[in-house]
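*Asks:* Pasting in a structure now, in structure tokens, and then I'll have a few things to ask.
The values are calculated or read from the model by the stated rules, or taken from the named source; none is laboratory data. This one's a predicted model, so the numbers in the text were calculated from it and none came from an experiment. Every residue, glycine among them, receives a Cβ derived from its backbone with ideal geometry; neighbour counts consider all protein chains shown. Accessible surface is based on the protein model in full, side chains and every heavy atom, while ligands, DNA and RNA are left aside. Shrake-Rupley method; radii C 1.70, N 1.55, O 1.52, S 1.80 Å.
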Amino acid sequence: MRHRSLLIITTAVTAGALTLSACGSRDDSSGSSDGGGTTTVTIGLDAPLTGDLSALGQGIKNSVDLAIKTANKNKEVPGVTFKLEALDDVAQAATGQQNATKLVGDTSVIGVVGPLNSDVGQSMQKVFDDANVVLVSPANTNPELTQGKDWQSGKKVRGFKTYFRTATTDAIQGPYAAQYMYNERKLKKVYVIDDKKTYGAGLAATFSNEFTKLGGQVVGTDHINPDDKDFSAVASKVAQAKPDFVYYGGEYPAGAPLSSQIKNAGAKVPTIGGDALFSAEYIKLAKQNSEGDLASSVGAPLETLDTAKKFIADYEAGGYKDAYEAYGGYSYDSAWAIIQAVKAVVEKNDGKLPENKDARKQITEAMQTVTFDGVSGKVGFDEFGDTTNKQLSLYEVKGGKHVPVKSGEFGG
């Protein structure tokens, strides 16, 4: 359905609606007017809202919802009301691509937050780029998404002008963990396992490259099917190789039982992985065998940041039943970046939002220069669409909780 109003922007996520001053009538507008001088736009959201990774997906959705509600309450963009349209990708690339097609087909959608998984993001990029709809991921970390397949050789090429992310990449996340384990933990032998997916395989590769460069030894490598539950064969090989620790490139639904079975096989060594292991669900799944395991994550621990205090308080007051998890702050900042880009376009156009195609194009252009003090710290984007915030943290499971053991910039 299309409305004959000048301004409409829909943000597909899970919240209110954007409102802009309506001015005259025109077809194919970018939003819908309520007849009272405001325009509603949609911010879309794509994440795994059901399935094994739903704990992370729900945290993403709730945080975007909070950003939209905050913008509407404070009238962040005069004349514009934001609304959320949240779609479930079940952590599947094909479903994510279908969701992307659905979102760009809604003329009220002016930007989208998500997805969680790098392979899902990869499947969506061209759809959003062709439609000039900005996509901001709070969680994709594979460097190829912004810098091209040859990024490791130094030939960095940005393939999609509409794709941005507030999470830093595996180009530094893997090496950050390698430096910590080699230099600070003094562990020299590692067994490396990945799930063969875009995120996991890429992360394991950047870790291994840095670890061997430092002088460490990879005593074995393996791949698993993340849909399996029995990893006893791999666990036996790890025990026979006698590593100092295991590095796993993958997500917590497989990472937790893998770590547990490795310890049960006799290898009483820690497992370390990336941000997709940094979840309370990992500890629930691995139980006592999670003790001593580590996970890196993007940014500094939110609880240590003054910039995150209001977000944490507002999230708790919002009554959300799911925790904001690892990506809450970055999800809020991703939505807020879209809102700030909309604000810049409205201010540039005398308080109005252009027609649909022009609105989407101008919002994408405005995103490149958006900067603000966000929940996760200073938010901004470089020439590839990557975050300028290179902060990382490492957490160790102690007493049934993830406890921060290191935080800082890579190499710092």
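*Asks:* Compute the acute angle (0 to 90°) between the alpha-carbon long axis of helix 54-74 and the principal axis of greatest extent of the alpha-carbon atoms of the chain; round to the nearest 10°.
*Replies:* Its long axis makes an angle of about 30 degrees.
*Asks:* Which aspartates and glutamates have a Cα lying under 14 Å from the Cα of LYS398, excluding residues fewer than 8 positions away in the same chain?
*Replies:* GLU291, ASP293
*Asks:* Which semi-axes, in whole Å and largest first, does the equivalent ellipsoid of segment 309-412 have when worked out from the alpha carbon gyration tensor as the square roots of 5 times its eigenvalues?
*Replies:* Those come to 33, 18, 10 Å.
*Asks:* For segment 135-177, with all protein chains present and a 1.4 Å probe, just round the carbon and sulfur fraction of the accessible area to a whole percent.
*Replies:* Here carbon and sulfur together make up 49 percent of the probe-accessible area.
*Asks:* Round to a whole number: what % of the accessible area of segment 180-270 belongs to carbon and sulfur, probe 1.4 Å?
*Replies:* 47 percent
*Asks:* Let me ask something additional. Size of the dipole of segment 40-119 about the Cα centre, Lys and Arg at +1 and Asp and Glu at -1 on the beta carbon, nothing else charged, in debye to 20?
*Replies:* Dipole about the Cα centre, nearest 20: 400 debye.
*Asks:* Which percent, nearest 5, of DSSP beta bridges in the chain are antiparallel?
*Replies:* 35 percent
*Asks:* In whole percent, and with a 1.4 Å probe on the protein chains, what portion of the accessible area of segment 296-412 is carbon and sulfur?
*Replies:* C and S atoms contribute 49 percent here.
*Asks:* I would also like to ask the following. Evaluate E = 1/(1 + (r/R0)^6) for ARG158 and LYS242, where r is the Cβ-Cβ distance and R0 equals 56 Å; express this FRET efficiency to the nearest 0.05.
*Replies:* For ARG158 and LYS242, the calculated efficiency is 0.80.
*Asks:* Sticking with this one: Can you give the relative contact order of segment 66-193 as a percent, counting alpha carbon pairs under 8 Å and 6+ residues apart?
*Replies:* Normalised by residue count, the contact order of segment 66-193 is 17 percent.
*Asks:* Calculate how steeply helix 118-130 sits against the longest principal axis of the alpha-carbon atoms of the chain, using the helix alpha-carbon long axis, and give the answer as 0 to 90 degrees to the nearest 10.
*Replies:* 20 degrees
*Asks:* Between LYS268 and LYS75, how high is the FRET efficiency from 1/(1 + (r/R0)^6) when r is the Cβ-Cβ distance and R₀ = 60 Å? Nearest 0.05.
*Replies:* Using R0 = 60 Å, I get an efficiency of 0.55.
*Asks:* In 5 Å bins starting at 0, how do the alpha-carbon pair distances of segment 165-244 split up by percent?
*Replies:* 3, 15, 23, 22, 20, 12, 4, 1, 0
*Asks:* Among ALA286, VAL346, LEU302, which residue has its Cα furthest toward the positive end of the charge dipole of segment 283-412, with +1 on Lys/Arg Cβ and -1 on Asp/Glu Cβ?
*Replies:* It is ALA286, whose Cα lies furthest towards the positive end.
*Asks:* Considering Cα pairs under 8 angstrom that are at least six residues apart, work out the relative contact order of segment 122-186 and quote it in whole percent.
*Replies:* That works out to 35 percent.
*Asks:* Report, in degrees rounded to the nearest 10, the 0 to 90 angle that the Cα long axis of helix 170-179 makes with the longest principal axis of the chain.
*Replies:* Orientation of helix 170-179: about 30 degrees from the principal axis.
*Asks:* Here's something else I'd like to know. Please give the net charge around GLY250, taking every other residue with its beta carbon less than 9 angstrom from that of GLY250, where Lys and Arg add +1 and Asp and Glu add -1.
*Replies:* -1
*Asks:* Pairs of alpha-carbon atoms within less than 8 angstrom and 6+ residues apart define the contacts here; what relative contact order does the chain have, in percent?
*Replies:* About 17 percent, as a whole number.
*Asks:* What are the extents of the Cα atoms of the chain along their three principal axes, listed from largest to smallest and rounded to whole Å?
*Replies:* Extents along the principal axes, in whole Å: 74, 45, 37.
*Asks:* Rolling a 1.4 Å sphere over the protein heavy atoms, what is the accessible area per residue of the chain, to the nearest Å²?
*Replies:* On a per-residue basis, 38 Å².
*Asks:* Sum -39500 (n - 2.57) across every DSSP H segment of at least 4 residues in the chain, then divide by the residue count to get the 222 nm mean residue ellipticity, nearest 500.
*Replies:* Using -39500 (n - 2.57) per qualifying helix, the result is -11500 deg cm²/dmol.
*Asks:* Once you sort the root eigenvalues of the Cα gyration tensor of segment 34-138 as a ≥ b ≥ c, which label holds: rounded (a/c under 1.5), prolate (a/b larger than b/c) or oblate (the other case)?
*Replies:* oblate
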